[in-house]
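Notes to accompany the following structure.
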């Protein structure tokens, strides 16, 4: 890996969309109202990313831990997902957006699984921005599933145990074929990854914004991109000559 200093436009942006519930509660609204407002921001984020020349936008839509939320809230979230795919898929397709879904699909409802597969299949040949939806996703679960694939490939003779390296793991995680995120953005002021892209974010920059997700508008997105543009990505190397960066 080589040093890049300073960087400007990221190729892959990943976002932890946090704060829908708090946004609603601050307004005396049910948490479901925050999730509905958050869907509008998803639409705007995709448009903003495409206009900014970003190739990949990964959105943490629903974690494998979110099933622990109240049943009514989970049911509403599933309904919103169904609505978003059915309503927005045609528009995404017209806009040349390619949709990819990461996460475990074995435990989700058959109709939602079918919708996700249809979204991927219908947009597979599109050449614009790739929208990666992390649904029923947990990074530790992803790494466990990748480890199982490696064991199976070694046992079947597809992979030599001595050849297991970082590339072998990267080829078996959910994001295989997608570059690692240059920057991970999290809204709501929280400063943690919450089991999101643990393998892929090893060298990502992090931008934590105080605004809640329903307030993450175009200006906030560009603010995050501007902060990223001022960073120097060294990948463990030394600073570029003439640039003062802490060791």
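Quick one: residue 230 ticks every box in (1) at pLDDT 95 or above; (2) out of contact with any strand residue (DSSP E or B) (no Cβ under 9 Å at 6 or more places or on another chain) except a single one, so which number is it?
That leaves (1) as the condition not met.
Please tell me if residue 206 is part of a helix (DSSP H, G or I) and either surrounded by 13 or more Cβ atoms within 10 Å (Cβ to Cβ) or at pLDDT 95 or above (or both).
Judged against the criteria, residue 206 is not a match.
Considering only residues that are in contact with a strand residue (DSSP E or B) (Cβ under 9 Å, 6 or more places away or on another chain) and surrounded by 23 or more Cβ atoms within 10 Å (Cβ to Cβ), which ones fall in region 209-223?
213, 216, 221
Which of the following residues is surrounded by fewer than 16 Cβ atoms within 10 Å (Cβ to Cβ) and touching a helix residue (DSSP H, G or I) at 6+ places or on another chain (Cβ under 7 Å): 105, 140, 98?
Working: 140 fails: touching a helix residue (DSSP H, G or I) at 6+ places or on another chain (Cβ under 7 Å); 98 fails: surrounded by fewer than 16 Cβ atoms within 10 Å (Cβ to Cβ).
Selected residue: 105, the only one of 105, 140, 98 that is surrounded by fewer than 16 Cβ atoms within 10 Å (Cβ to Cβ) and touching a helix residue (DSSP H, G or I) at 6+ places or on another chain (Cβ under 7 Å).
How many residues, within region 63-82, are within 20 Å of residue 119 (Cα to Cα), surrounded by fewer than 16 Cβ atoms within 10 Å (Cβ to Cβ) and touching a residue at least 24 places away in the same chain (Cβ under 8 Å)?
The number of residues fulfilling the criteria is 2.
Could you tell me whether region 32-51 includes any residue that is exposed (fewer than 14 other Cβ atoms within 10 Å of the Cβ), part of a helix (DSSP H, G or I) and over 19 Å from the mean Cα position of the chain (by Cα)?
no
Here are the criteria: (1) at pLDDT 95 or above; (2) under 22 Å from residue 54 (Cβ atoms); (3) outside any helix (DSSP H, G or I). Tell me which single one residue 158 does not satisfy.
Only one criterion in (1) at pLDDT 95 or above; (2) under 22 Å from residue 54 (Cβ atoms); (3) outside any helix (DSSP H, G or I) is unmet by residue 158, namely (2).
Here are 143, 131: which of them is closer than 30 Å to residue 42 by Cα, part of a helix (DSSP H, G or I) and touching a residue at least 24 places away in the same chain (Cβ under 8 Å)?
When all the criteria are applied, what remains is 143.
Conditions (1) closer than 13 Å to residue 132 by Cα; (2) at pLDDT 95 or above, marked per residue:
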residue	(1), (2)
7	no, no
22	no, yes
25	no, yes
34	no, no
46	yes, yes
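Can you tell me which residue among 89, 29, 59 is surrounded by fewer than 18 Cβ atoms within 10 Å (Cβ to Cβ) and either assigned to a loop (DSSP other than H, G, I, E, B) or touching a residue at least 60 places away in the same chain (Cβ under 8 Å) (or both)? Steps first, please.
On the way: 89 fails: either assigned to a loop (DSSP other than H, G, I, E, B) or touching a residue at least 60 places away in the same chain (Cβ under 8 Å) (or both); 59 fails: surrounded by fewer than 18 Cβ atoms within 10 Å (Cβ to Cβ).
Result: 29 is the single residue among 89, 29, 59 that is surrounded by fewer than 18 Cβ atoms within 10 Å (Cβ to Cβ) and either assigned to a loop (DSSP other than H, G, I, E, B) or touching a residue at least 60 places away in the same chain (Cβ under 8 Å) (or both).
The values are calculated or read from the model by the stated rules, or taken from the named source; none is laboratory data. Bear in mind the structure is a predicted one, so any value in this text is a computation, not a measurement. Here the Cβ is made from the backbone with ideal geometry for all residues, glycine too, and neighbour counts use every protein chain on show.
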